[in-house]
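**Student:** Below: one structure in structure tokens.
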Amino acid sequence: MVSLQQWAITWGIFLAFGIDYGCSFIKGPKQFRLPLGLQIVPSIILLFTMVLMPFSPRWLVAHNYISDARRVLGRLRTYGHASAPEVQEELRLIHETIVHERETMHSSYWDLLKYPNRRRTFLGCGMQFMQQFTGINTLMLYAPTIFRDIGLNSIQSIALCQAINGLVNVISTIPAILWIDRWGRRPTLL
């Protein structure tokens with residue numbers, strides 16, 4: 001389940017490269033304006049549909065909107081039955097967790113650098129650094145220049161190679177989707 005977000009990202013990259021390839025046959029300023037304009041469509045859809053998204057039940061309970069939290073949990077868990085026992089139990093657990101956290105926990109960003117969180121913080125930052133350090137983002141960004149430098153001259157051939165690059169990215173994500181949840185994150189990282 002974790003890797004599906006990455007797969008969606010790779011599909012978006014592939015679609016963008018495919019649109020670029022399709023638009024490479026257009027002459028004039030529409031060749032770059034059309035792909036830029038098409039990027040606005042998902043953003044506008046997201047802008048107008050985000051108002052329909054409910055607040056998190058945990059956030060609602062933390063801010064004393066208990067009846068709203070019950071209604072949201074009812075819609076999420078029991079098809080709108082806010083009085084269902086499952087909803088009441090989950091609401092009780094959320095409330096107990098929030099009360100416990102307020103009574104016992106005080107944290108700051110400095111706690112990330114203290115024992116036992118220091119190791120976790122450095123591991124997380126180190127993994128993010130290494131992911132960037134592999135250079136895949138640079139390769140994706142400068143691939144058209146690389147393709148031109150190796151002898152591809154037409155815009156269409158460069159855009160096609162970029163689209164193939166995006167397709168390889170999508171296909172390469174499939175093993176992660178199939179195995180990461182089965183094997184676990186830690187063994188696959190090691």
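**Student:** Along Cα→Cβ, 7 Å out, is where each label goes; now give me the distance between the ones at Glu89 and Leu139 in nm to one decimal.
**Tutor:** 4.9
**Student:** Which of [x] -0.44, -0.88, -1.37; [y] -0.63, -1.05, -1.25; [z] -0.33, -0.69, -1.35 is the computed log10 I(q)/I(0) by the Debye sum over Cα atoms at q = 0.09, 0.13, 0.19 Å⁻¹ for the structure on display?
**Tutor:** After the calculation, the listed value that fits is [y].
**Student:** Let me ask you something else. If a/c stays under 1.5 just call it rounded; otherwise compare a/b with b/c (prolate if a/b is bigger, oblate if not). Do that for the stretch 46-96, with a ≥ b ≥ c from the square roots of the Cα gyration tensor eigenvalues.
**Tutor:** oblate
**Student:** Okay, next question. Picking from Tyr115, Ala69, Thr49, whose Cα lies most toward the positive end of the charge dipole for the chain (charges on Cβ: Lys, Arg +1; Asp, Glu -1)?
**Tutor:** So the residue we want is Tyr115.
**Student:** Moving to a separate point now. Quick one: longest stretch of the chain between exposed loop trypsin sites (Lys or Arg not before Pro), exposed meaning at most 12 other C-beta atoms within 10 Å and loop per DSSP?
**Tutor:** 28-113
**Student:** Please name which of Phe147, Gln128, His100 has its Cα lying farthest along the dipole of the chain towards the positive end, using unit charges on Cβ (Lys, Arg +1; Asp, Glu -1) and the Cα centre as origin.
**Tutor:** Checking the options against the dipole of the chain, the answer is Phe147.
**Student:** Moving on. How many angstrom lie between the C-alpha centres of the stretch 1-49 and the stretch 64-92?
**Tutor:** Spelled out, the Cα-based centre of one part sits 38 Å from the other.
**Student:** With all protein chains present and a 1.4 Å probe, how do Asp111, Asp149 order by accessible area, largest first?
**Tutor:** I get Asp149, Asp111, largest accessible area first.
**Student:** Using each residue's phi in the stretch 68-83, evaluate 6.51 cos²θ - 1.76 cosθ + 1.60 at θ = phi - 60° and report the 3J(HN,Hα) Karplus result to the nearest Hz, with x for Gly and Pro.
**Tutor:** 5, 5, 4, 5, 5, 4, x, 5, 6, 9, 10, 6, x, 8, 5, 8
**Student:** Moving on to the next point. With a ≥ b ≥ c taken as the square roots of the eigenvalues of the C-alpha gyration tensor of the stretch 113-190, please select rounded if a/c is under 1.5 and otherwise prolate if a/b is larger than b/c or oblate if it is not?
**Tutor:** Since a/c reaches 1.5 but b/c is at least a/b, the shape of the stretch 113-190 is classed as oblate.
**Student:** Using Cα centres only, tell me the gap between the stretch 145-163 and the stretch 105-140 in whole Å.
**Tutor:** Result: 36 Å between the Cα centres.
**Student:** Let me ask something else. Share of the chain's accessible area from carbon and sulfur, percent, 1.4 Å?
**Tutor:** Accessible surface attributable to carbon and sulfur in the chain totals 67 percent.
**Student:** Determine the per residue accessible area of the chain with all protein chains present and a 1.4 angstrom probe, expressed in square angstrom.
**Tutor:** Value returned for the chain: 78 Å² of accessible area per residue.
The values are calculated or read from the model by the stated rules, or taken from the named source; none is laboratory data. As the structure is a prediction and not an experimental result, all values here were calculated from the model. Note that each Cβ is placed from the backbone with ideal geometry, even for glycine, and that neighbours are counted across all protein chains shown. Heads up: the accessible areas ignore ligands, DNA and RNA and are worked out on the full protein's heavy atoms, side chains in. Shrake-Rupley method; radii C 1.70, N 1.55, O 1.52, S 1.80 Å.
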